[in-house]
1. Rounded to the nearest 20 Debye, what is the dipole magnitude of the range 1-95 about its Cα centre when Lys and Arg each give +1 and Asp and Glu each give -1 at the C-beta?
2. Using 0.36 nm per residue, how much length does the chain from Thr83 to Leu111 gain when fully extended, once their Cα-Cα distance is taken away?
3. From the residues Leu22, Gln106, Ala12, which one has its Cα farthest along the dipole of the range 7-128 in the positive direction, the dipole being from +1 and -1 charges on Cβ of Lys/Arg and Asp/Glu about the Cα centre?
4. Take a quick pass over the chain and tell me how many lysine pairs come in under 26 angstrom between Cα atoms, counting only ones 8 or more apart or on separate chains.
5. With θ set to phi - 60° and the Karplus curve 6.51 cos²θ - 1.76 cosθ + 1.60, what are the ³J(HN,Hα) couplings of the range 7-14 in order, to the nearest whole Hz, using x for Gly and Pro?
6. If I model a spin label as a point 7 Å beyond the Cα along the Cα-Cβ vector, how far apart are those points for Phe20 and Leu40 in nm?
7. Order of 113-120, 63-70 by packing, highest average Cβ count within 10 Å first?
8. If one puts a single equal scatterer on every Cα of the chain and applies the Debye formula without solvent, what log₁₀ I(q)/I(0) results at q = 0.10, 0.15 Å⁻¹?
Amino acid sequence: LVIAGSGCPHTALFKPMARFHLPLANEEETIFRATATYMLAQYFVKTGGGEADFNLERLRDLYRTIQEVNQAMATRVRSGSTTDSSVNAIVLLDMYAKALPYVIKQSLEELRYLFKPFLHSSDSPEKA
């Protein structure tokens with residue numbers, strides 16, 4: 001929560017997620033929240049006249065940048081800390097940042113069935 005509200009331009013994308021924080025979220029919940037937040041942001045981009053990224057390409061790029069931020073932050077915290085607990089917290093966050101770009105498509109497909117009521121019948125996997 002502190003990182004999201006820190007004023008860092010690279011972590012600003014986490015502000016909406018911090019507002020609706022889910023303590024002890026697992027990987028599936030984190031991926032859902034990250035993509036839902038991103039897609040809502042893309043809705044606002046589109047309605048504001050911009051070009052929305054509904055293929056999640058920029059989301060992958062954002063998380064790759066977050067990996068770099070996490071590494072730099074862990075290095076700085078490690079140099080000023082006598083215990084590993086603070087660094088371990090950053091490492092845990094970084095695990096999500098590393099996983100998300102690679103598992104996002106598969107993870108979202110695993111959630112597809114939950115959205116069946118929203119899908120057109122022609123988009124249904126049963127009819128494919």
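The numbers here are math on the coordinates, done by the rules we state, and not lab data. In this text the structure is predicted, and so the values were computed from the model without any measurement. Methodologically, a virtual Cβ is constructed for each residue, glycine included, from the backbone with ideal geometry; neighbour enumeration extends over all protein chains shown.
1. For this selection, approximately 300 debye.
2. 6.2 nm
3. Ala12
4. Within the chain, the lysine pair count is 8.
5. For the range 7-14, the Karplus curve yields x, 5, x, 6, 9, 4, 5, 8 Hz.
6. Using points 7 Å along Cα→Cβ, the separation is 0.3 nm.
7. For the peptides 113-120, 63-70, the packing ranking is 63-70, 113-120.
8. Log-scaled intensity ratios, in q order: -0.39, -0.80.
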